[in-house]
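Here the structure is laid out as structure tokens; the discussion comes afterwards.
The values are calculated or read from the model by the stated rules, or taken from the named source; none is laboratory data. The structure displayed is predicted, hence computed values, not measured ones. Cβ placement follows ideal geometry from the backbone for every residue including glycine, while neighbour counts extend to all protein chains displayed.
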Amino acid sequence: MTPHPQLLLGPLLALLAIPTLAISADRWSSANLAIVDHHVLPRYAQLASTTATLAERAQALCTTPAAAQLEALRSQFHTAMDAWQGISHLRFGPVTLFMRNYRFQLWPDKRNSGERHLNELLTAADPQALVPDTFHNGSVAVQGFGALERLLFEEGVDAADFGSAAAPSYRCQVTLAVADNLAQMAHEVDNEWRAGEHPYRQVIASSADGNDQFYGSEEATARFLNNLHTQLQVIVDQKLELPLDESAAKARGRRAESWRTHRSLRNVALDLAALEELYRVGVVPLLQENPAQQALAQRINTAFATTRASAEAVPQPLATAVSDPTARRAVEQLKNATAELKRLVGSELPPALGLPLGFNSLDGD
Amino acid sequence: MNRALPLLAALSLAPTAATAEATPTAQAVLSHYADVAQASYEDALISARQLQQAVDQLLAEPTEPRLQAARAAWKAARAPYQQTEAYRFGNTIVDEWEGKVNAWPLDEGLIDYVAPAYGSESDENPLYTANIIANPQLSVAGRAIDATTITPQLLAESLHEADGVESNVATGYHAIEFLLWGQDRNGTGPGAGDRPASDFDTSHCTGGNCDRRAAYLKAATALLVEDLNWMSAQWGSDGAARKAVLAEPKQGLSAILTGMGSLSYGELAGERMKLGVMLHDPEEEHDCFSDNTHHSHFYDALGIRNVYTGRYTRIDGRQLSGPSVADLVAARAPETDQELRAKLDATLAKMQVLVDSAEQQGVAYDQLLAADNPTGNAKVMAAVEALVNQTRSIERAVAALELDALTIEGSDSLDAPEKVQ
């Protein structure tokens, strides 16, 4: 049988091509460490410190349930959620252990599990359910930012719902359990990247020699690229398309992420800013090695700027903008701008870098 | 890039007869891929026809033994169908068609009566409790639907995904499953759905509207046979699916690996398995009425391995084997081929644990999801992790064949909304 010429020649051509296209293992490694040190670690540190404060304020509310304490906790909810939105795009490493990423935030929640499970928890009012070991192993739908948003911001909720100094309510205890859980997870993720016997930073740093997670340092770079692309898809398909639906008449504002706190667009803006930082810190230096890639780098820069401007142009909040014929056009413009950015990152960047994009965790039905 | 040296070493050995013989052309691989697809869909069709016979017998004489026989036929029909799922992602023609036969999850209140615990309304779905079987006149998005006569056409064209809601599943395996089993009202406790045969007995009817329920089951089963017949033909010698795969070798090879990776990762590991453990929710079980989920997942994993190795065992026991994408990967990067084969086997071993739990130990898949069953949760998560692991190796196979990102970004399924993380 004659071997297919293309298939045998392929590797040889690839070898010949290396001098012009390939990026050395050193450059992958330095891109990876730049991303870790200047993007990932500071952002997980921020998540750890803001959720620690969140837990302190939840404790203060349950010690003295009053309007001032509730307002302080609500304000810190936003600060901590900002930190989470700024690093939620990372989908490998410690945050994926014990399903932490889903425990931080289960969204979208197609089957309304958040509401069903939180109502069951509040109705049963079983103190045993809040014992940390039990709580951690229970439904993820009541463990994270989505549950906390319902507990603190549901219509009609005020300080009285959190009980009195003598007797904090079960709702307050659930709020505290969620805040403690977030702080604990953020502390663990932050710690596991930097410290302990096998810090994950070291797994990335040692990838050049191959290890049990990465064949080589380019595989770690490919993971970051994959996560960058996946999050752009999350913005297009979930954060924007789910509430947009087909038309203003059919729009579903309550499918918007964080609609109760009117921060759906703030989430998108934070996402985009974080993705742009990842791109600038890790990808731009790789593109700069090859003068032929300068045009692509410029197009991606422009696409980020266009997307950012489109996000700023949407009237707040997203949940009502989608049903308003005029405001809706601005949301569609943002969706289109993000989709174009996603196309550049998904279709043009991988061949330019010589990296595969890999499979996407969103792929499925 | 550090893969270059082993590749060079492999190439320097290329002139030996064994290596040359072992490396087929891409065209040969794709042709065999289409042959296995045709055989697999044909097996799904044959077993769906057997299901149809069993359903006819049940409706002619609605007794418990005949209901049991129909249920057994449904389970048997699932085995070959699930093995075809590795063809879904990557082949647009399959992906666009798949929702007719295997849409899931479903709001079963659309079809028939449900227990009070199901609830009476949903923000997401106005037809949450539309109950087609009890209601000859329906209203979908303000439009009147005459459902007096339940026909395959009515189900497929007017009621499936009615009002644009995906969980309005009026057709396919899971609609038939619901009709044969009824709701599983045992939560994460033991037991599956327990619909009595008399639900189809027009002279001693339970559940009401037995004539309409019988008509629904007959129509849905006929539709399944029709749809599988169509797909089987698409992989025939002049079929559109076969032509699409053979048109361009690189894209064809990409379709193979995209199908393997997307089913492994986002769909099976994510949507169908992980979510159930995270929520401890038996409604998140793929075959939730019949408690056949362990088999459905096992045969998905087997299908992925079939596609990679080019081997398939037909329902009559005949073996198919031929040039495979594994041969191509082995020629380029033998260590990647070995790694991927080992991971595909490891996944099947973890799936076998789920099968044994249900079949040997009497602990069904939904019981493994319970919050107070950490050992059960761990069994499911071990299979999830094995699927994620094999995805990483499939990516390495994609890289070894230099297929890079081309179809992964272009894959139809990637651009559909409402994906679960």
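Based on this model, can you work out whether A:Leu357 counts as hydrophobic (A, V, I, L, M, F, W, C) and closer than 24 Å to A:Gly86 by Cα?
Yes; evaluated as a whole, the condition is true for this residue.
Going through region B:372-381 one residue at a time, which ones are among the aliphatic types (A, V, I, L, M) and surrounded by fewer than 17 Cβ atoms within 10 Å (Cβ to Cβ)?
Scanning region B:372-381 gives a single hit, B:Ala378.
At positive phi and among the small types (Gly, Ala, Ser), is that true of B:Gly362?
Taking the combined requirement at face value, the residue satisfies it.
Each row is one residue, and each column tells you yes or no for (1) within 11 Å of chain A (Cβ to nearest Cβ); (2) crowded, with 20+ Cβ neighbours inside 10 Å; (3) closer than 30 Å to B:Ala117 by Cβ.
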residue	(1), (2), (3)
B:Ala240	no, no, no
B:Glu271	yes, yes, yes
B:His297	no, yes, yes
B:Ser324	no, yes, no
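Okay, residues lined up against (1) within 20 Å of B:Ala192 (Cα to Cα); (2) in contact (Cβ under 8 Å) with a residue 60 or more places away in the chain:
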| site | (1), (2) |
| --- | --- |
| B:Gly303 | no, yes |
| B:Gly310 | no, yes |
| B:Thr313 | no, no |
| B:Ala358 | yes, yes |
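Any idea which residue in region B:149-164 is surrounded by the fewest Cβ atoms within 10 Å (Cβ to Cβ), counting only those that are part of a loop (DSSP other than H, G, I, E, B) and over 20 Å from the mean Cα position of the chain (by Cα)?
B:Thr149
Which ranges mark the helices (runs of 4 or more DSSP H) fully within region B:282-368 that have 2 or more residues being under 17 Å from the mean Cα position of the chain (by Cα)?
Passing ranges, in order: B:293-309, B:334-359.
Any residue that is facing another protein chain (nearest Cβ under 10 Å) and farther than 26 Å from B:Ala382 by Cβ - is there at least one of those in region A:92-101?
Looking through region A:92-101, none of the residues is facing another protein chain (nearest Cβ under 10 Å) and farther than 26 Å from B:Ala382 by Cβ.
Show me the helices (runs of 4 or more DSSP H) entirely contained within region A:182-280 in which 1 or more residues are within 21 Å of A:Ala34 (Cβ to Cβ).
In region A:182-280, the matching helices (runs of 4 or more DSSP H) lie at A:200-205, A:217-233, A:264-278.
For region A:110-132, what are the residues that are within 22 Å of the chain's Cα centre (by Cα), at the interface with another protein chain (Cβ under 9 Å from one of its Cβ atoms) and surrounded by 18 or more Cβ atoms within 10 Å (Cβ to Cβ)?
Result: A:Arg111, A:Ser113.
Would you point out which residue out of B:Gly193, B:Gly182, B:Gly187 is touching a residue at least 12 places away in the same chain (Cβ under 8 Å) and out of contact with any Gly (no Cβ under 6 Å at 6 or more places or on another chain)?
It is B:Gly187.
Is it fair to say B:Leu127 is more than 14 Å from chain A (Cβ to nearest Cβ), touching a helix residue (DSSP H, G or I) at 6+ places or on another chain (Cβ under 9 Å), closer than 30 Å to B:Gln234 by Cβ and in contact (Cβ under 8 Å) with a residue 12 or more places away in the chain?
No, not satisfied.
Inside region B:55-99, can you point out the residues that are under 12 Å from B:His174 (Cα atoms) and either within 13 Å of chain A (Cβ to nearest Cβ) or modelled with pLDDT under 95 (or both)?
The one that is under 12 Å from B:His174 (Cα atoms) and either within 13 Å of chain A (Cβ to nearest Cβ) or modelled with pLDDT under 95 (or both): B:Gly99.
For region A:334-365, enumerate the residues that are more than 7 Å from chain B (Cβ to nearest Cβ), buried (at least 22 other Cβ atoms within 10 Å of the Cβ) and within 12 Å of A:Gln233 (Cβ to Cβ).
Hits for region A:334-365 are A:Thr338, A:Leu341, A:Lys342, A:Val345.
Can you spot a residue in region A:145-156 that is free of Cβ contacts under 8 Å to residues at least 40 places away in the same chain and within 13 Å of another protein chain (Cβ to nearest Cβ)?
Within region A:145-156 (the criterion being free of Cβ contacts under 8 Å to residues at least 40 places away in the same chain and within 13 Å of another protein chain (Cβ to nearest Cβ)), the answer is yes, since at least one residue qualifies.
Considering only region A:145-197, how many residues are surrounded by 15 or more Cβ atoms within 10 Å (Cβ to Cβ), under 13 Å from A:Leu70 (Cα atoms) and charged (D, E, K, R)?
Counting residues in region A:145-197 that are surrounded by 15 or more Cβ atoms within 10 Å (Cβ to Cβ), under 13 Å from A:Leu70 (Cα atoms) and charged (D, E, K, R) gives 3.
For the structure I just gave you, tell me whether B:Gly276 is assigned to a helix (DSSP H, G or I) and either buried (at least 23 other Cβ atoms within 10 Å of the Cβ) or of a type outside the set (Lys, Arg) (or both).
Taking the combined requirement at face value, the residue satisfies it.
Could you list, ordered by first residue, the pairs with Cβ atoms under 6 Å in which the first is in region A:61-76 and more than 21 Å from A:Leu182 (Cα to Cα) and the second is at pLDDT 95 or above, at least 6 apart or interchain?
Taking only residues 6 or more apart or on different chains, the pairs are A:Ala66/A:Ala159; A:Ala67/A:Ala159.
Regarding region A:84-96, can at least one residue be identified that is more than 21 Å from the chain's Cα centre (by Cα), touching a residue at least 24 places away in the same chain (Cβ under 8 Å) and surrounded by 20 or more Cβ atoms within 10 Å (Cβ to Cβ)?
No, every residue in region A:84-96 fails to be more than 21 Å from the chain's Cα centre (by Cα), touching a residue at least 24 places away in the same chain (Cβ under 8 Å) and surrounded by 20 or more Cβ atoms within 10 Å (Cβ to Cβ).
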